[in-house]
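Student: My questions all concern the structure below.
The values are calculated or read from the model by the stated rules, or taken from the named source; none is laboratory data. Quick caveat, the model's predicted, so the values are computed rather than measured. Note that each Cβ is placed from the backbone with ideal geometry, even for glycine, and that neighbours are counted across all protein chains shown. Heads up: the accessible areas ignore ligands, DNA and RNA and are worked out on the full protein's heavy atoms, side chains in. Shrake-Rupley method; radii C 1.70, N 1.55, O 1.52, S 1.80 Å.
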Amino acid sequence: HIITKEVLKKELAKGEASKVTVIDVRDAEAYANGHIPGAVSAPLKDEKGDLDDAAAKAVISKAVKANPNKLYAVCCYTGNKYANRAKEVMTLLGMDENKHLCIDGGYAKWAETEDVQISYNYVNAKQVYDAVGTKTVILDV
């Protein structure tokens, strides 16, 4: 099951009324370098590599419990390997497979034309440019 960028964008525009929670399963550094606004970070990889089943279940379970009774749109970089792994973990946790979707094309497709949220405590102009390239950037200082 997938959700397209266009459908997700319309749903997220509803704000608090949205029935979708985006769970970003990319590593913490990738999330910090840019993510879909409002996405919950639940990395399935750390500095040692891919998380084992028990650790992956704990990470996904925490994200789901913090955002109950939602439809979950899972985001990895391309919408393949880690998004599908997250969906497998959600199924192992007993979740209805119709309640978790992969974002078609993942974060790569989202970032092609959308504003992204970058999480830095302190940045300089070069760090911003390296993270977003030629996109327009608005800094809240």
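Student: Are any residues in region 92-108 surrounded by fewer than 19 Cβ atoms within 10 Å (Cβ to Cβ) and either without any contact (Cβ under 8 Å) to a residue 60 or more places away in the chain or under 12 Å from residue 24 (Cα atoms) (or both), and if so, which ones?
Tutor: 92, 93, 94, 95, 96, 99, 108, listed by residue number.
Student: List every residue pair whose Cβ atoms sit under 9 Å apart, with the two residues 6 or more apart in sequence or on different chains, where the first one lies in region 70-91 and is open to solvent by 10 Å² or more (accessible area, probe 1.4 Å) and the second, anywhere, is among the basic types (Lys, Arg) and outside any helix (DSSP H, G or I).
Tutor: Sorted first by the residue in region 70-91, then by its partner, the pairs are 70/19; 71/19; 77/26; 82/26; 82/45.
Student: Residues that are at pLDDT 90 or above and aromatic (Phe, Trp, Tyr): find the helices (runs of 4 or more DSSP H) completely inside region 44-124 holding 1 or more of those.
Tutor: Result: 81-92, 106-113.
Student: Across region 18-45, what is the number of residues that are more than 10 Å from the chain's Cα centre (by Cα), open to solvent by 60 Å² or more (accessible area, probe 1.4 Å) and not aliphatic (A, V, I, L, M)?
Tutor: So the count comes out to 3.
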